[in-house]
Amino acid sequence: MNALEVHDLWVRVGDKLILRGVDLALEPGQVHALMGPNGSGKSTLALALAGHPEYQVVKGRAFLEGRDLLALPPYERARAGLFVAFQYPPEVEGVKLREFLRLACGERGKGFCEFQRIFPQALARLKMEDFRDRELNVGFSGGEKKRAELLQLYMLRPKVALLDEPDSGVDVDAMRLIAEVIKEMAAAGTAVLIITHYPRLLEYVPPEKVFVLLDGRIVDHDGPELAWRIGEAGFEVVRK
Ligand SMILES: Nc1ncnc2c1ncn2[C@@H]1O[C@H](COP(=O)(O)OP(=O)(O)O)[C@@H](O)[C@H]1O
Ligand SMILES: [Mg+2]
């Protein structure tokens, strides 16, 4: 069974129609990529699936392991195993990274003892020991925010992870680290979708499948070579 299936998804923001019939399927344990130029609707897809109230589904369906995702409120989607790493992770004053993750893990059925065991491991894996008692994303650099998103992924072990530009603002060392963690998560069974407009991260984590989003529709899909072609010639290669 596919981990995530999206059928003919139409989404609008305000009175603007952004997604116009997206079809997508993600397989468990595989890395997929969603590429598309700025403004093509990549983040809209992730946020609509997460249940962001401004992103209204006009038409279409989505299933997480066969379960009707769009019928659930956002927190139930997360509980069911959907994880979204934000393109722009919000700064949450007054909430420490540790407390945030302790509560999130609790919601995913991980008790306090398990949290106490895996939290130090995750901090070490993401090289974030110094961030343990920092307020969530407050004053983090762009790259640190991205690592903090991956830390959440590492702790929560979701069924489906939509990673919205995990490579933006990230230096080369962090890029390698993020790539390794993504591979580990996929190897452990998570269906991963890397959303990006550059093939760079994909060189470190070759995806099984690449989807291209243009003007609110998936216009092409193929193996990793599609990402390399886009890297060389731009999105013109898929414009018809
Ligand atoms: N909250 C919003 N309000 C108004 N327009 C939005 C909003 N979010 C996205 N859009 C518009 O939707 C289009 C797609 O945006 P987005 O999904 O962020 O694209 P991408 O992530 O591919 O760069 C853009 O034209 C963008 O300006
Ligand atoms: Mg975006």
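The values are calculated or read from the model by the stated rules, or taken from the named source; none is laboratory data. Just so it is clear, the model here is predicted, and its values are computed rather than measured. Counting neighbours? That spans all protein chains shown, and the Cβs are built from the backbone with ideal geometry, glycine included.
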Has region 140-155 got any residue that is surrounded by 16 or more Cβ atoms within 10 Å (Cβ to Cβ), farther than 30 Å from residue 212 by Cα and of a type in the set (Lys, Arg)? no
Counted residues in region 166-216 being away from ligand 2 (no atom under 16 Å from the Cβ), farther than 21 Å from residue 155 by Cβ and in a strand (DSSP E or B) come to 2
Flagged pairs (Cβ under 7 angstrom, 6 or more apart or on separate chains; first in region 216-240, of a type outside the set (Val, Ile, Thr); second part of a helix (DSSP H, G or I)) are 220/226; 220/238; 224/202; 227/202; 229/237
| Given the structure, is residue 90 exposed (fewer than 14 other Cβ atoms within 10 Å of the Cβ), within 16 Å of ligand 2 (Cβ to nearest atom) and either modelled with pLDDT under 95 or farther than 19 Å from residue 6 by Cβ (or both)? | yes
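Test of understanding: among 58, 13, which residue is surrounded by fewer than 17 Cβ atoms within 10 Å (Cβ to Cβ), β-branched (Val, Ile, Thr) and within 14 Å of ligand 2 (Cβ to nearest atom)? Break it down stepwise before answering.
Numbers: 58 fails: within 14 Å of ligand 2 (Cβ to nearest atom).
Result: 13 is the single residue among 58, 13 that is surrounded by fewer than 17 Cβ atoms within 10 Å (Cβ to Cβ), β-branched (Val, Ile, Thr) and within 14 Å of ligand 2 (Cβ to nearest atom).
Assess whether residue 45 counts as being surrounded by 13 or more Cβ atoms within 10 Å (Cβ to Cβ), aliphatic (A, V, I, L, M), within 16 Å of ligand 2 (Cβ to nearest atom) and part of a helix (DSSP H, G or I). Full working, then the answer.
Details: surrounded by 13 or more Cβ atoms within 10 Å (Cβ to Cβ): yes; aliphatic (A, V, I, L, M): yes; within 16 Å of ligand 2 (Cβ to nearest atom): yes; part of a helix (DSSP H, G or I): yes.
Taking the combined requirement at face value, the residue satisfies it.
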Here the residues within region 26-57 that are within 18 Å of residue 238 (Cα to Cα) and in contact (Cβ under 8 Å) with a residue 60 or more places away in the chain are 32, 33, 34, 35, 36, 37, 38, 40, 41, 42
